[in-house]
1. Determine which member of the set Val49, Val64, Val70 is more than 29 Å from Ile136 (Cα to Cα) and among the aliphatic types (A, V, I, L, M).
2. I'd like the full set of residues that are touching a strand residue (DSSP E or B) at 6+ places or on another chain (Cβ under 7 Å), of a type outside the set (Phe, Trp, Tyr) and farther than 17 Å from Ala48 by Cβ, limited to segment 92-110.
3. Test of understanding: among Leu83, Leu89, Leu117, which residue is at pLDDT below 90, of a type outside the set (Lys, Arg) and either under 31 Å from the mean Cα position of the chain (by Cα) or assigned to a loop (DSSP other than H, G, I, E, B) (or both)?
4. In segment 17-54, what residues are closer than 13 Å to Met1 by Cα and either over 23 Å from the mean Cα position of the chain (by Cα) or hydroxyl-bearing (Ser, Thr, Tyr) (or both)?
5. Search segment 233-269 for residues being free of Cβ contacts under 8 Å to residues at least 12 places away in the same chain and farther than 17 Å from Gly342 by Cβ, and hand back the single one that is surrounded by the most Cβ atoms within 10 Å (Cβ to Cβ).
6. I'd like the full set of residues that are touching a residue at least 24 places away in the same chain (Cβ under 8 Å) and either under 11 Å from Cys2 (Cβ atoms) or out of contact with any Cys (no Cβ under 7 Å at 6 or more places or on another chain) (or both), limited to segment 58-71.
7. Within segment 332-344, is there a residue that is within 25 Å of Gly209 (Cα to Cα) and touching a Gly at 6+ places or on another chain (Cβ under 7 Å)?
8. Identify the residue in segment 293-350 that is farther than 14 Å from Asp268 by Cβ and among the hydroxyl-bearing types (Ser, Thr, Tyr) and, among all such residues, is nearest to the chain's Cα centre (by Cα).
Amino acid sequence: MCDRIERLRSTFDQHGLEAMLVTNPINMRYLCGFTGDVGLLLISDEDAVLAVDPRYTEQAKREVGSARVVETREAWADALAALAVDCGLRAVGVESDYVTVDQWNTWRDRLGSATELVPVCGLVARLRTVKSPAEIDRLTAAVALTDEALAAARDWLRPGVTEAEVAWFIEVYIRTHGGEAMAFDPVVGAGPNGAMAHARPGPRPLAPGEPVVIDIGARVDGYCGDLTRTLCLGAPDERFREIYDIVLAAQKAAEAGIRPGMTGKEADALARDVITSAGFGEAFGHGLGHGVGLAIHEDPRLSSRSADILEPGNVVTIEPGIYVEGWGGVRIEDVVMLTESGIEILTRSVKDPYLCA
């Protein structure tokens, strides 16, 4: 963890900072290992201090080795002021993309004129985009468990089970086979519900011949898996075959063509051009993918508006889709790692959509 803190410190000068206050729990975990929900991590050139309330003192002492842990029973604004005074800080960066306006105003009023709060957006998030070998191992484990859960669901699925039952089967499998949690609430959209990219599982039963979009992810040691497959129980109609083949071709084009140095927009275009050429451009309404790590959605972003530059060590999703109101949808998603020359696909789930009814 110390090297991550040093990388953060190396950015201070360009932002005019003497220190950085980190309050986003994901960023605190990344920098010092603390997995609690609430705390103040103040990193200066000379020190790194994690302030926690009594609920988390013992936990923090067990988890954190790269920052000294202090317990506070004060209001957070008072705790911050005490830390700033102790360190003699005059300019402290604050995660403006996470802190609320109310928190900002409270902290500013408590600090007064002695310490300036400097809004900083995405500073730690940018450090998280390139994964270390240890992070790759954890991501690979999360992806593998996600693959395993879907394989179990494929063997279990049958007409008549509901979307909610499918979601629960997968969640139970993940939690009883080494997953600490779901990376996000499962998406299960059967038939017309699959036209909603983030369909919430409900009471609708699965019917033969219709598309079923399943988007799931296991969380292992803090890191997230992410997988989407679209399945069909029994004989599909010609529309399903047509749309599925287009989406699969779009994904293959992206996975074959993505290279370090590309922008997120250029990567997105590899798949989007295939779908647009087939006449379904308007039916692909989201970006091609996103970074994944301690959070399910991270930088870099792969979309038609993204200027993010891809580089080795990025781990991203590749998930083109087509959604047709009143009929359903098709999305196919893999997790891939950028290498020096292209990508390595971490996902292993088969892409044969057809299941016996």
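The values are calculated or read from the model by the stated rules, or taken from the named source; none is laboratory data. For clarity, every value in this text was computed on a predicted model and none was experimentally measured. Note: ideal-geometry Cβ built from the backbone for every residue, glycine included; neighbour counts use all protein chains shown.
1. Values: Val49 fails: more than 29 Å from Ile136 (Cα to Cα); Val64 fails: more than 29 Å from Ile136 (Cα to Cα).
Criteria check complete, one pass: Val70.
2. Result: Ser96, Arg108.
3. Working: Leu83 fails: either under 31 Å from the mean Cα position of the chain (by Cα) or assigned to a loop (DSSP other than H, G, I, E, B) (or both); Leu117 fails: at pLDDT below 90.
Only one candidate passes the filter, namely Leu89.
4. Tyr30, Ile43, Ala48 - these are the residues of segment 17-54 that are closer than 13 Å to Met1 by Cα and either over 23 Å from the mean Cα position of the chain (by Cα) or hydroxyl-bearing (Ser, Thr, Tyr) (or both).
5. Among those that are free of Cβ contacts under 8 Å to residues at least 12 places away in the same chain and farther than 17 Å from Gly342 by Cβ, it is Glu242.
6. Gln59, Ala60, Glu63, Gly65, Ser66, Ala67 - these are the residues of segment 58-71 that are touching a residue at least 24 places away in the same chain (Cβ under 8 Å) and either under 11 Å from Cys2 (Cβ atoms) or out of contact with any Cys (no Cβ under 7 Å at 6 or more places or on another chain) (or both).
7. Filtering segment 332-344 for residues within 25 Å of Gly209 (Cα to Cα) gives 332-334.
Now drop any that are not touching a Gly at 6+ places or on another chain (Cβ under 7 Å), which leaves none.
So far as segment 332-344 goes, no, none of its residues is within 25 Å of Gly209 (Cα to Cα) and touching a Gly at 6+ places or on another chain (Cβ under 7 Å).
8. Thr347
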